[in-house]
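> Right, I'll just put the structure down here and ask away after.
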Amino acid sequence: MARNPAQAKSGGGKRKPAKDFGPKVEVRNANQQGWTGKVDAAKFEAMSAAIMRVVPRSVPGLTQTEIRNKVVFHLPDHIFPGGERADWWAKTVLLDLEADGILEREKQARPFRWHRS
């Protein structure tokens, strides 16, 4: 049986709607101008607070790996049990805070480093 060409492009079927797990917050990506997405507000706020606790106010800042390694100690276990998915959330929130001008990327440093603006 031949597949419908429209289905072949979309993966073959309808997508299931995403489950609603509560309030959402819109995030941006400093690497992709104009892109926005919606993520869980409680996880976003918890990760944002943890990042702001660990990122220094001045140069030299912290690398992405250093930020990820430090934030797990500041995350509430009921929101991030065992640090689950903390890497993804750290990067997502890091890029949103940079897009908002709250964090600044030190572009001359390799690997990149971030500090508060």
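Since every read-out is calculated from the coordinates, none of them should be taken as a lab result. Since the structure is predicted, the reported quantities are computational estimates derived from the model, not experimental observations. Glycine also receives a Cβ, built like all others from the backbone with ideal geometry; neighbour counts cover every protein chain displayed.
> Find the eigenvalues of the gyration tensor of the Cα atoms of region 23-116, then list the square roots of 5 times those eigenvalues as equivalent ellipsoid semi-axes, largest first, in whole angstrom. Numbers along the way, then the final one.
Details: eigenvalues 82, 57, 20 Å².
Semi-axis lengths for region 23-116 are 20, 17, 10 Å.
> Could you list ARG28, ARG113 in order of exposure, starting from the residue whose Cβ has the fewest other Cβ atoms within 10 Å?
ARG28, ARG113
> Next question. Compute the distance in nm between two label points, each set 7 Å from the Cα along the Cα-to-Cβ direction, one at LYS107 and one at ASP77.
Going from the LYS107 label point to the ASP77 one covers 4.3 nm.
> Which whole-number percent gives the relative contact order of region 23-116, counting Cα pairs below 8 Å spaced six or more residues apart?
34 percent
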